Each structure stands twice: as structure tokens, then as C-alpha cells.
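Here is the structure we will look at.
Readers should treat all values here as calculations from the given coordinates under stated rules, not as data from a laboratory. Computed from a prediction, not measured in an experiment: that's the story for all the values here. Cβ placement follows ideal geometry from the backbone for every residue including glycine, while neighbour counts extend to all protein chains displayed.
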Amino acid sequence: MITAENAVLRIKHIRQSRNGPFCVADLTTDFGEFKVKDAILEQFEEGEYEATVWISEIYLGQYIAYGKAVTEIRARLHDLQVHTEDQRQLAAEPVELDPVDEPAPPRATASAAAAAQEASGSRPASALANLKKKLAGVASASSCAGTAQASAIYDSEMLQAIEQGEPIKLDLTIDRTILREQTADLKARGYRFDSKQQTWFAP
């Protein structure tokens, strides 16, 4: 695990994807600059963030899209703690390929991943499977289309918390397209994302 203090994340919203808008970032540290395309970015607004970041892996990312081959040095973030933020629209950047459409990147060894998970107490990768099981058990009989749609992207416990206006912390281990739908839904409900706590708060 690599810790980078006083790092700067320039988070950019890319809007041309067939899967809907997504986020990427340029990470500047005192030991190098890297591209970040992790799901943890999806909840953030566009802008520049100063933070402490914990990097679990640095690797070469490669893809072919829009008539060009791209190779970039990427950092996979284990976690981050935002210190300051400057939410603003950034200058236009070259076209980016949606991470959902990229081939699966190389992963750290199982032992390294297990050690990182144990150190952080984070939820296991099986959380997605557990979520799908919960979703399968959510009652779908509802006359309200909005409620039916929400039931498709949240488990019953989280949906109840949202309906009661409680603070919401999303599970970043779930499928990235579902995470995007949850983020869009919370915004539509008036929830506000606090980047320092990485938590959504009701209006």
C-alpha cells in the first residue's frame, strides 16, 4: 500500500459514453502522475480535490478506441480522504473510453488483495453477489414506477433508509453501472454528496 499525502485529483466528467456519463481523474503526487478510473470517482462532482490517497496498485492500462491505441500509467485507489475541494468545470480533454467497456485490468495477487482488505476492513468482493440476492428478494409489486425503479437498484434496507431521509454511504464494490444509477437517483432526490465523508445527505 502506498500513501500519497497532499495529492491532487483532477476529476473530469465524460459525457459521450453509450453507458451514460462517467468520471476519470488525473492524480498528481510527489512521486509521479497517474490516471485513475476507479468506481470511487463516480460520486464526485467535477473539479480539483486535494487529498490523501492510498494506492493499492500502479499498473499500465491499455486500450484501443476511436482509432487510436492508448497506454497510460494508472493508479488503483484503495481509499482517499479529501482535505479541500474546488468544484468547477474543467477544460475539455481528449475522448476517454468508458472503464465499463474496457477489458478487465490486471489485478493484484489474491494474497495482496486479501491483505489490503484485512487492513482496511472493507467489504469483500462477494458483496455484489450478496446485493443481487437481496435485490431478488425485494418486492416488485408496486403501482409507482419510481418506486419500482428504485427497488431495482437498492436493497430493501437501503431503500428504507433513503425514504426516511437518512445519510447514505454507497457500496463501491457493486457493479459500476448500478453505482452510477444510484448516484443519479440520489441527486434526483435532492441528496448532496459530502466528498470529505463520502456520504450522501438528504436536503
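The separation of the range 148-203 from the range 65-81, counted between C-alpha centres, amounts to 26 Å. Since only TRP54, ASN19, ILE73 are under comparison, the one whose Cα sits farthest along the positive direction of the charge dipole of the range 1-80, derived from C-beta charges on Lys, Arg, Asp and Glu, is ASN19. Packing around the peptides 31-38, 47-54, 84-91, 161-168, taken as the average count of other Cβ atoms within 10 Å per residue, puts them in this order, highest first: 47-54, 31-38, 161-168, 84-91. The Stokes-Einstein estimate for the range 1-88, based on a Kirkwood radius over Cα pairs and taken at 20 °C with 1.002 mPa s viscosity, is a diffusion coefficient of 159 µm²/s.
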